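Student: Shown below is the structure under consideration.
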Amino acid sequence: MQTIITLSPSGQTFSCEQEETILESAIRQGFSFAYGCQRGNCAICKGKLLSGTIDYEDPDMKGLEKIAGDEILYCSAIPQTDIEIESTEVFSKELPMPEVSPCKVVGKKMLADDVIHLQLKLPDAINIRFHAGQYLDILLPDASRRSFSIASAPHDNEFIELHIRHIPDGEYTDFIKNKLKINDLLRIEIPLGTFFLREDSQRPLIFIGGGTGFAPLKAMLEHAFYKKMQNPIHLFWGVRAKQDLYLNDLPLLWEKQYSNFKFFPVLSEPLASDNWEGNIGYVHKTVLEHFPDMSEVDVYISGPPVMIDAAKIAFIDQGLSESRMFSDAFEYNAHPDAN
């Protein structure tokens, strides 16, 4: 049984197959809402149900704790009747369609004790477009998948770069660190997500990364520099200790190269041996010290969900519009060793 989904206020419609989620049917037909984990946890894809009824396969999803009233999660809601929905941001024919492709591992090294750098090469005949900040899924033989942010910019497309945090006892990241070899083949789905740089904005840009949340921000920043964007750009990178700033020299180089860029590393638990004289504490609080008024900025934030949730509350209190905060809470993905 097909149902019809009507978008408000545009009046556009698309169909939904039986047992298909709103997001799945939208992407299949060239529409997409803002989304992240696709698993009912991050609540990035929330929107309003204006009429009709929906159901969820899993009534215990984490994301349901973050919605209220007539809000629903498009990635997990299955229409039971024709419905009308409202969303603050709908992309139509704008996002590249995800594709499944083989790829080869052509580079592997450690950036820190617990951060793995992978380089993947797509077949020469395949030219997949993506936006800076999107992610990919590695598809495993058992039909499960692992999600990782793309750390390379679209214009630098010879290789796909990933920064993967090794999680102790994480089955797949143990495999990547200890068993994955150069020239091994993987299957990936790419690109995914709506965390990407809005190039038409003239507002100051604030990028906030926690740990390997730096990966998609790196792609966005390199893309902004490539496009010669003149917005004031600020990067705040929060980690525990100095050794966790695994590519610290790169943003320091950007500061020398681009007059509109500033870098603020933040340590939450610096070691005595770090001899640290810089910012200490929670990264979002350091942001507020520099930007007590958040009403005129765009924020891109990537990292652990607890960091993003705390930042969102604090920033909105200081004037940030929720529509100007774009996030990638990568640890919401279904498996504990997802990036």
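The values are calculated or read from the model by the stated rules, or taken from the named source; none is laboratory data. For clarity, every value in this text was computed on a predicted model and none was experimentally measured. Neighbour counts run over all protein chains shown; Cβ positions are idealised from the backbone, glycine included. For accessibility, only protein heavy atoms count, side chains too; no ligands or nucleic acids. Shrake-Rupley method; radii C 1.70, N 1.55, O 1.52, S 1.80 Å.
Student: Report the percentage of all Cα-Cα pairs in region 189-339 whose separation exceeds 25 Å, rounded to a whole percent. Don't jump to the answer; show the numbers that get you there.
Tutor: On the way: 2875 of 11325 pairs.
Percent of Cα pairs beyond 25 Å in region 189-339: 25.
Student: While we're on this one: To the nearest 10 square angstrom, what accessible area does ASP142 show with a 1.4 Å probe?
Tutor: Near enough 110 Å² of accessible area.
Student: When the accessible area of region 219-323 is split by element with a 1.4 Å probe, what percent falls to carbon and sulfur?
Tutor: Details: 2730 of 5360 Å².
Percent of accessible area from carbon and sulfur atoms in region 219-323: 51.
Student: If you roll a 1.4 angstrom probe over the protein chains with everything in place, what fraction of the accessible area of region 60-161 belongs to carbon and sulfur, to the nearest %?
Tutor: Answer for region 60-161 is 46 percent, counting heavy atoms of protein chains only.
Student: Using a Gaussian network model of the chain whose springs link C-alpha atoms within less than 10 Å, name the residue from ALA329, ALA125, ALA34 with the highest mean-square fluctuation.
Tutor: ALA125
Student: Based on the Kirkwood radius over alpha-carbon pairs, what is the Stokes-Einstein translational diffusion coefficient of region 67-148 at 4 °C with 1.567 mPa s viscosity, in µm²/s? Let's see the in-between values first.
Tutor: Values: Rh = 17.0 Å.
The calculation lands on 76 µm²/s.
Student: Per residue, how much accessible area does region 203-271 show when a 1.4 Å probe rolls over the protein heavy atoms, in square angstrom? Write out the running numbers ahead of the final one.
Tutor: Values: 2770 Å² over 69 residues.
Roughly 40 Å² per residue, with all protein chains present.
Student: Tell me, what is the percent relative contact order of the chain, built from C-alpha pairs under 8 Å that lie six or more residues apart?
Tutor: Values: 741 pairs, mean separation 52.5, N = 339.
That works out to 15 percent.
Student: While we're looking at this one, here's another question. Count charges around LYS218 for me, please; just the other residues with Cβ under 12 Å from its Cβ, Lys/Arg as +1, Asp/Glu as -1.
Tutor: Numbers: positive: none; negative: ASP156, GLU161, GLU222.
Combined, the nearby Lys, Arg, Asp and Glu give -3.
Student: Still on this structure: Tell me, what is a quarter of the convex hull surface for the C-alpha atoms of region 82-238, in nm² with one decimal?
Tutor: Working: hull surface 47.8 nm².
Spelled out: convex hull of the Cα atoms, projected over all directions, averaged, 12.0 nm².
Student: Hey, in the GNM for the chain with a 10 angstrom Cα cutoff, which one of VAL287, VAL306, VAL266 fluctuates hardest?
Tutor: With Cα springs under 10 Å in the chain, the top fluctuation among VAL287, VAL306, VAL266 is at VAL306.
Student: Counting only C-alpha contacts under 8 Å and six or more residues apart, can you give the relative contact order of region 68-182 as a whole percent?
Tutor: Values: 133 pairs, mean separation 24.7, N = 115.
The value is 21 percent.
Student: Could I ask something else about it? Number of Lys pairs in region 9-145 with C-alpha atoms less than 21 angstrom apart, excluding same-chain neighbours closer than eight positions?
Tutor: Values: LYS46/LYS62; LYS46/LYS66; LYS46/LYS93; LYS48/LYS62; LYS48/LYS66; LYS104/LYS121; LYS108/LYS121; LYS109/LYS121.
Going through region 9-145 pair by pair, I get 8.
Student: Given region 181-277 reduced to its alpha-carbon atoms as identical point scatterers, what log10 I(q)/I(0) does the Debye formula return at q = 0.15 Å⁻¹?
Tutor: -0.71
Student: From largest to smallest, what semi-axes in whole angstrom does region 214-270 give when each is the square root of 5 times an eigenvalue of its alpha carbon gyration tensor? All intermediate terms of the calculation are to be shown ahead of the outcome.
Tutor: On the way: eigenvalues 94, 23, 18 Å².
That gives 22, 11, 9 Å for the three semi-axes.
Student: Can you give me the Rg/Rh ratio for region 1-125, using Cα atoms for both radii and the Kirkwood formula for Rh?
Tutor: Values: Rg = 17.8 Å, Rh = 16.3 Å.
My calculation puts Rg/Rh at 1.09.
Student: D for the chain, whole µm²/s, Stokes-Einstein with Kirkwood Rh over alpha-carbon pairs at 20 °C and 1.002 mPa s: what number? All intermediate terms of the calculation are to be shown ahead of the outcome.
Tutor: Details: Rh = 20.8 Å.
In µm²/s, the coefficient rounds to 103.
Student: Among the aspartates and glutamates, select those whose C-alpha is under 18 Å from the C-alpha of LYS179, and discard any that sit fewer than 8 residues away in the same chain.
Tutor: Cα-Cα hits under 18 Å: ASP113, ASP114, ASP142, ASP169, GLU171, ASP337.
Student: A follow-up question, please. Between beta-carbons, use under 12 Å as the cut-off and find the net charge around LYS181, counting Lys and Arg +1, Asp and Glu -1.
Tutor: Working: positive: LYS104, LYS108, LYS177, LYS179; negative: ASP184.
The answer is +3.
Student: While we're looking at this one, here's another question. Once you've got the GNM for the chain with C-alpha springs shorter than 10 Å, pick whichever of LYS177, LYS285, LYS227 has the biggest mean-square fluctuation.
Tutor: LYS227
Student: May I pose another question? What relative contact order, as a whole-number percentage, does region 193-324 give when Cα pairs under 8 Å and 6 or more residues apart are counted?
Tutor: Values: 199 pairs, mean separation 37.8, N = 132.
Value for region 193-324: 29 percent.
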